[in-house]
Amino acid sequence: MGFLSSILHWLSNFYDEYLGFINFIIRRWEQVLEYTANHFSLVLTVMFFSLILWISVGLLISRYEKLANTAFGIGNILFVIPSISLFGIFITIPMLGLGRTSAALALILYAMMPMVRNVYRGIKSVEWPIIEAGRGMGMSPRQILFQIQIPMAWPIIFAGIRVTVVMITGIATVATFIGERNLGRFIHHGIARESADMIIAGAVLVSVIAILLDYILGKIEDKITSPGLRKEQEQS
Amino acid sequence: MDFEMERFISALIDRSPPHALVHLQLVLIPVIIAFLIAFPVAVLLTRRRFVKYTDRVMTFFNMGQTIPPLAIIAVFFPFLGLGREPALFALTIYALLPIARNTLAGLKGVPQEVKEAARGVGMSEWEMLMRVEIPLSMPVVMAGVKISVVLTSGTAALGALVGGGGMGAVIFAGIDFFRPELIVAGTLVIGAIAIILDRIITLIDYMLTPPHMKM
Amino acid sequence: MIVLDKVDKIFPGTTVPAVKQVSFQVDEGNICVFVGPSGCGKTTILRIINRLIEPTSGDIYIKGKKVSDKEVNPDHLRREIGYVIQQIGLLPHRTVEQNVALVPRLLKWPEERIKPRVKELLDMVGLDSNEVIHKYPFQLSGGMMQRVGVARALAADPPIMLMDEPFGAVDPIVRGRLQDEFLRLQKEMKKTICFVTHDINEAIKMGDHIVIMNKGELVQHGTPMEILTEPANDFVKDLIGVDREIKLLDLTRSSEIVDRNKEVLGETREKDCFISALDPVQRALETMMKNDSDIVVVRDGEKEIGTICWGDIKKLINKLSGEA
Ligand SMILES: Nc1ncnc2c1ncn2[C@@H]1O[C@H](COP(=O)(O)OP(=O)(O)O)[C@@H](O)[C@H]1O
Ligand SMILES: [Mg+2]
């Protein structure tokens, strides 16, 4: 009996010491929901505009090679700017200031590199004979784009979307420092108040969400890839 | 809020240098330690005895990469407290993944025919590793180190949150006090550090490349 | 049916013309084979005919209509011309069914017409339609892919076919079979075909008419017999090669040299020792070698009309080489 109770004692100590964040999450459940909702609405907004903007840009530069280098140059520069700086720079622009617009714009810029690069790569991965066959059968440039190039590039484009969603979800946490009330806020305030539970709760929540998103999108990626392409990838 | 050139130059010249030095440490130390850990581990993982685990480890690394940088920086703070060390520790973990991933990918990418040929001329496992596999995979490994440098340099800006100092301190001051010149100056220095380190690695890579493989 | 008139093509960024002052005509229902070394401009000519590229100068007429006019919509033109591309170019993300149905769907055929057509085509090119119809290209062998490529080009029953080394990517045995099957098909289809190959043997076997090309220029054209018996220059002679006589055997029907008087010998009546009167003499020779005998029985339909023996073939060879 003594043995059992000492195990229970140890367990409860362990819980207090390391799993206190679970209590925190349960206690602040409503706040968790609010922050999560805010987090996702920001990510969704960003993805909505990113998909429209960056897929178009990706298609454009795959057609006009000269633009490609410029686009990748800009993308590389954006890539070395720390997220906190980009958020900071946007809030100092007079029209924008603190708030969601700044956060969203910064994140849309971050989405450029993975999105544009994958659209470009995807379109370029369609080999010449396949396009030639399409033309030879009498497909118009539009039909070739929508029936050959985009479907064949789609797995690569989708992989880019997946990376972007996960990345944006992660970086969005940093937007708490420019006033976003999202999951980053637990980490932000947790550090300020030196509350271990709060920090760990924030870190665990965003990490779990990111990993889950990546996993779910990965499953979808498998589903939507044409078996014809999937097997080809496996073989190579 | 307006941008004054004078204050910007002062931010860049007077305020930044000591922070820049700390920032450089926050990048270099984690990347070097991460390389010293990740490279041998990745090499080991591609040896015949462990090769069946590589895919699983790769999945694990990929998962690790999805964890938001802010979470990694923050999560050690409750255990290690404020200061440079927790920042360095977290950044090292963060720097590990790209290097490990690229080393694995590079070694796995060495064509089977080349390895067969090496075995054919009587190289031992060790000789093959040192003279064929590592040299051939070096470009991919170095690309991983570069990614690691850029990511770490950006993430290190968050190190200031847990008392690690560095250029992040300048940027956060800029945000807290609405001082655009501090944010821009901090960003430029971080960018410069990333680019200079990138060039240095390119140079190292070039020097390490055997003469006949240079283009 | 197809006429090219002084066609030039200089690719942008190059100075040497890929095709230089090429004129020829392909008659309706004929197979015209373009043959020549790699890079001599064969593919370029096909791509000019269906306007995948525009000629630098010169005109192209199909059925008397000038198709090199700017008014002709090239996409619509191409839907009327079957095209088998050199690299096969099946769409990897689509099933065999979707690949073959490509042009009918572009032409907005009703689905109930497409389904049976695809089956019919696959069976026609010698594939088991039930087996392959839902497969993806990567699941097919090289020979099967080429058959699907031909089926795709035939799908909308175009009167004209452009075939760029359609049997190039398979081993010689399969190639021979594909050639035989296609010739049999063509007997019924009577399409007007431009057929490209770099293999003179294939050209002689497939062609009603042969166009020999070198470095973008038309070197000689004529029937296979004309090319073999009257090569225009050394280039053509080299192209034909040393076994010219053997090739001629391919062009002579067995009925032309069959010995109708000789009594049919009992021991030659083994199953494989029969050939058809329509078969080329080459087939008689092959049958002899396969059966290790020196005589074959020639049949016209069910009727045995005579025999060909080794001596008859030798006589023919002597005669042919005498002509040259
Ligand atoms: N798009 C192109 N741009 C430039 N040169 C080309 C192009 N296509 C073909 N050529 C050149 O034209 C010549 C003829 O090519 P092609 O018609 O493909 O030859 P073939 O099919 O007989 O092998 C070759 O020298 C080739 O390099
Ligand atoms: Mg060709």
| Any idea which residue in segment C:148-164 is nearest to ligand 1 (Cβ to nearest atom), counting only those that are touching a Gly at 6+ places or on another chain (Cβ under 7 Å) and assigned to a helix (DSSP H, G or I)? | C:ALA153
| task | Hey, can you tell me all the residues within segment A:150-195 that are outside any helix (DSSP H, G or I) and within 14 Å of chain B (Cβ to nearest Cβ)? | result | A:GLY179, A:GLU180, A:ASN182, A:LEU183, A:ARG193, A:GLU194, A:SER195
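Any idea how many residues of segment B:83-98 are among the hydroxyl-bearing types (Ser, Thr, Tyr) and crowded, with 23+ Cβ neighbours inside 10 Å? Break it down into steps so the answer makes sense when it comes.
Our first condition is that a residue be among the hydroxyl-bearing types (Ser, Thr, Tyr); within segment B:83-98, this holds for B:92, B:94.
Filter once more, so that each one left must be crowded, with 23+ Cβ neighbours inside 10 Å: B:94.
Residues meeting the conditions: 1.
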| query | From the list B:MET142, B:MET138, B:MET128, which one is on the phi < 0 side of the Ramachandran plot and free of Cβ contacts under 8 Å to residues at least 40 places away in the same chain? | reply | B:MET128
| request: Go through segment A:116-137 and give me each residue that's assigned to a helix (DSSP H, G or I), crowded, with 20+ Cβ neighbours inside 10 Å and more than 8 Å from chain C (Cβ to nearest Cβ). | output: A:VAL116, A:ARG117, A:ASN118, A:VAL119, A:TYR120, A:GLY122, A:ILE123
| Residue satisfying all of: in segment C:31-80; of a type in the set (Lys, Arg) and away from ligand 2 (no atom under 16 Å from the Cβ); surrounded by the fewest Cβ atoms within 10 Å (Cβ to Cβ) among these | C:LYS70
| request: For residues that are under 19 Å from C:SER276 (Cα atoms) and small (Gly, Ala, Ser), tally how many sit in segment C:228-255. | output: 2
| How many of the residues making up segment C:39-72 are at the interface with another protein chain (Cβ under 9 Å from one of its Cβ atoms), without any contact (Cβ under 8 Å) to a residue 24 or more places away in the chain and more than 11 Å from ligand 1 (Cβ to nearest atom)? | 0
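State yes or no: is C:PHE138 touching a Pro at 6+ places or on another chain (Cβ under 7 Å), within 30 Å of C:PRO92 (Cβ to Cβ) and not in a loop (DSSP other than H, G, I, E, B)?
On the way: touching a Pro at 6+ places or on another chain (Cβ under 7 Å): yes; within 30 Å of C:PRO92 (Cβ to Cβ): yes; not in a loop (DSSP other than H, G, I, E, B): yes.
Judged against the criteria, C:PHE138 is a match.
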| query | Taking C:VAL84 and the conditions (1) farther than 22 Å from C:GLN220 by Cα; (2) within 11 Å of ligand 1 (Cβ to nearest atom); (3) crowded, with 22+ Cβ neighbours inside 10 Å; (4) not small (Gly, Ala, Ser), which numbered condition does it fall short on, given that it satisfies the others? | reply | (2)
| task | Hey, could you check segment C:165-212 for residues that are away from chain A (no Cβ under 14 Å) and acidic (Asp, Glu) and say which is nearest to ligand 1 (Cβ to nearest atom)? | result | C:ASP199
| query | What tally of residues in segment C:11-38 results from selecting those that are more than 9 Å from ligand 1 (Cβ to nearest atom), out of contact with any His (no Cβ under 9 Å at 6 or more places or on another chain) and within 16 Å of C:PRO55 (Cα to Cα)? | reply | 5
| query | surrounded by fewer than 19 Cβ atoms within 10 Å (Cβ to Cβ), modelled with pLDDT under 95, within 16 Å of ligand 2 (Cβ to nearest atom) and part of a loop (DSSP other than H, G, I, E, B), is that true of C:ALA232? | reply | no
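The values are calculated or read from the model by the stated rules, or taken from the named source; none is laboratory data. Computed from a predicted model, the values in this text were never measured in an experiment. With ideal geometry, Cβ positions are generated from the backbone for all residues, glycine too; neighbour counts draw on all protein chains shown.
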